[in-house]
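To start, the structure under review is shown below, and the notes come after it.
Quick note: the coordinates plus some simple rules give every number you see, no bench work behind them. Predicted model only: the values in this text are computed from it and were never measured. Positions of Cβ are backbone-derived with ideal geometry, glycine not excepted, and every protein chain shown enters the neighbour counts.
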């Protein structure tokens with residue numbers, strides 16, 4: 001009986017240690033951060049989102065988020081954390097074509113903003129995408 005208690009106690013300590021040391025990560029390797037952001041598209045701060053193809057940076061996620069207007073009723077949102085060598089904490093930024101998000105500081109990987117897919121450089125995994133919902137004026141970005 002005492003041996004069973006000791007065994008259960010050691011097992012509990014092992015499980016706590018394992019789970020406490022694990023960092024939750026997404027499928028892309030980007031660290032998990034809860035995201036639940038709402039923005040009013042008609043707000044002057046987000047005026048670039050009024051047009052299809054427009055984009056803005058918002059806070060949140062691992063390295064910030066790019067929100068992109070894909071169609072009149074659909075938005076895409078991506079974490080700015082580059083997916084190549086995630087431990088380097090590199091951040092993508094939109095280039096002057098407004099078509100690509102590029103990591104200009106670490107590896108020069110380039111990602112297509114319409115779907116987050118890598119198009120150039122060593123990154124083989126697309127940008128971490130967040131869910132979006134839009135009700136006509138309020139856009140919600142969440143995971």
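Could you list, in sequence order, the residues of the stretch 88-143 that are under 18 Å from residue 37 (Cα atoms) and without any contact (Cβ under 8 Å) to a residue 40 or more places away in the chain?
Those that are under 18 Å from residue 37 (Cα atoms) and without any contact (Cβ under 8 Å) to a residue 40 or more places away in the chain: 133, 135, 136.
Residues of the stretch 120-135 that are exposed (fewer than 14 other Cβ atoms within 10 Å of the Cβ) and under 18 Å from the mean Cα position of the chain (by Cα): 124, 131, 133. Only one of the numbered conditions (1) in contact with a strand residue (DSSP E or B) (Cβ under 8 Å, 6 or more places away or on another chain); (2) without any contact (Cβ under 8 Å) to a residue 24 or more places away in the chain is violated by residue 67, and that is (2).
Anything in the stretch 72-92 that is over 13 Å from the mean Cα position of the chain (by Cα) and at negative phi? List them, or say none.
Once the filter is applied, which keeps residues that are over 13 Å from the mean Cα position of the chain (by Cα) and at negative phi, the stretch 72-92 yields 72, 73, 74, 75, 84, 87, 88.
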